[in-house]
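Read the structure below first, then the notes.
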Amino acid sequence: MTKREKGYTIIFLLLLSSVLYSQERPNIIIVMADDMGYSDLGCYGSEIQTPNIDKLAFEGIRLTHFYNAVRCCPSRASLLTGLYPHQAGIGEMVKDKGLPGYRGFINRNAVTLAEILSLDGYHTIISGKWHVGKHEDALPMKRGFHKQYGSSNSTRHYFGVTSRSDLIIDGSPIEIQGEWIEAGKIKYKLLKNEDGSQWYATDAYTDHAIQFIKELREEDKKKPFFLYLAYTAPHWPLHAFEQDVKKYEGKYMVGWDSIRRYRYKKLIELGIIEEKWILSEPNELVKDWDKLDNQSKIYYDRMMAVYAAMIDRMDQNIGKLIESLKETDDEDNTIILFFSDNGGSHETMSKGKEGVPIGYADSYKGYEHSWANVSNTPFRWFKHWTHEGGSSSPFIAWYPKLIKAGQIDHQVAHIVDIMATACELSGINYPSEYNGNQIIPTEGLSMVPIFKGETRKGHEFLCWEHQGNRAVRKGDWKIVSLFNKQAPDGGNWELYNIKEDRSEMDNLAEKYPEKVKAMVQIYNDWSLRCNIVPYKELKKTSIKK
């Protein structure tokens, strides 16, 4: 064989290897729920029917110590970039405050999952909520996605669009026909499907995701895809179809305390939590169920029934997605990751027409502190706070090729780990430069060893900051601080041994002041590195238009 022939042979083998490798790389589906608490799934102790998500859990792995970034925008920024939110430019929400950590959109020193995966041959799809920047250059199609359906904004309506929301297909806003309907403090337009049936956001996000995958398979049977299916459910407003609500109406007349105790017991039986972690005391804003009159109990029963129906509907759609993967021959080579962006939401929302039953299009409600306290069983606090109730998410990974069925793993992981995990699964190296911009090194660690049933070298520490609420977890220890108007410097630090007391009921700060001091130093160093501004100063910062 001549040198030239050998050269051609080597090139051919390299090309063949590349083709084979591209065929073996898994499709990656990330499904994110919005404002769903730690115990809102059947496989995490709930009475809500989630058979399809439970199937993924029982055939895959559940993590018990998976952390988010405590609110929608920060968590989405960390998911997409593998960085802490402030490093990516979304330290708060999507308003631009002119500060590096608070631009309100993902900056160019961060690279998104879609950008990395699309560079290496993946077809990238987003269906659902974006909410990491409305700036033209910050939208999905400018940050690596090939296909898009949904909104650049937050959650607004499940049966249509409000005057403050949009509907976008492949980067272009769609003009919605019809008259504006006024309902209390909101204005909305109903949407209809092509067959004339009622449009519903959770259904639409799934249907378009499925359609995008089918269109890809008509063109290319083997090209790997990345789907980011960002549901808005069960974020307020509480909207659901009556057929789903009827499954649950009446079941919550026992009250939030009884449901919370049921979930706590079930979590222990499932092996998700340890019995030594006591059920935390109800939040101070939780109402006394026994003191409510019967009409109020019926009202709150309906409220939770609608919330449950929204999760039920999301589960139905995940079942539909799984079935579609069989139709396109993608089931065997697809990994599905499912989690929530933050804990259950205490946010009281009441903008709709008075007297309309919760769940109808004219209503516009949140499910308030009392039921949110149930969603976060057995933990304290809610979305927005850095206590376990705000920062802990259920997490499920399903990939039979790699993951042994029925695992429950107690290692600590964080939403920043998704980037490193996707890179390892796809065989892609995280870049130090992208489009001429220096890229901040990822903060995440791959979870693939955990998926394989191995013990990985975990994070030295994890940190949080959101609107003055702060926390550090290092090993089994966690310090946490609440922001409030009476403590504009951030409040006193609390100290908990999470291994013994994950409910954060026994504050050990006075007992171990040196440990608090050492962990506060970690926080201070981290906050300096990650562009964090003390919240009392940030509140004074004028917003740039």
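At-a-glance table
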| item | result |
| --- | --- |
| Condition check for Ala422: at pLDDT 95 or above, buried (at least 24 other Cβ atoms within 10 Å of the Cβ) and small (Gly, Ala, Ser) | yes |
| Unmet criterion (only one of (1) touching a residue at least 24 places away in the same chain (Cβ under 8 Å); (2) closer than 22 Å to Phe483 by Cα) for Val412 | (2) |
| Unique match (being touching a residue at least 40 places away in the same chain (Cβ under 8 Å) and of a type in the set (A, V, I, L, M, F, W, C)) among Val161, Val132 | Val132 |
| Enumerated helices (runs of 4 or more DSSP H) restricted to the range 36-102, each holding at least 2 residues that are in contact with a strand residue (DSSP E or B) (Cβ under 7 Å, 6 or more places away or on another chain) and of a type outside the set (Ser, Thr, Tyr) | 51-58, 72-81 |
| 3 or more residues over 23 Å from Val94 (Cβ atoms) and among the hydrophobic types (A, V, I, L, M, F, W, C): qualifying strands (runs of 3 or more DSSP E) within the range 433-545 | 477-481 |
| Failed item in (1) farther than 25 Å from Ile90 by Cβ; (2) within 16 Å of the chain's Cα centre (by Cα); (3) not charged (D, E, K, R), with Phe382 passing the rest | (1) |
| Any hit, the range 329-336, residues being farther than 30 Å from Arg25 by Cβ and assigned to a helix (DSSP H, G or I) | no |
| Residue in the range 138-151 that is under 21 Å from the mean Cα position of the chain (by Cα), at pLDDT 95 or above, part of a strand (DSSP E or B) and closer than 26 Å to Ser350 by Cβ present | no |
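The values are calculated or read from the model by the stated rules, or taken from the named source; none is laboratory data. All values derive from a computational prediction rather than experimental measurement. Glycine gets a Cβ as well: all are built from the backbone with ideal geometry, and neighbour counts include every protein chain shown.
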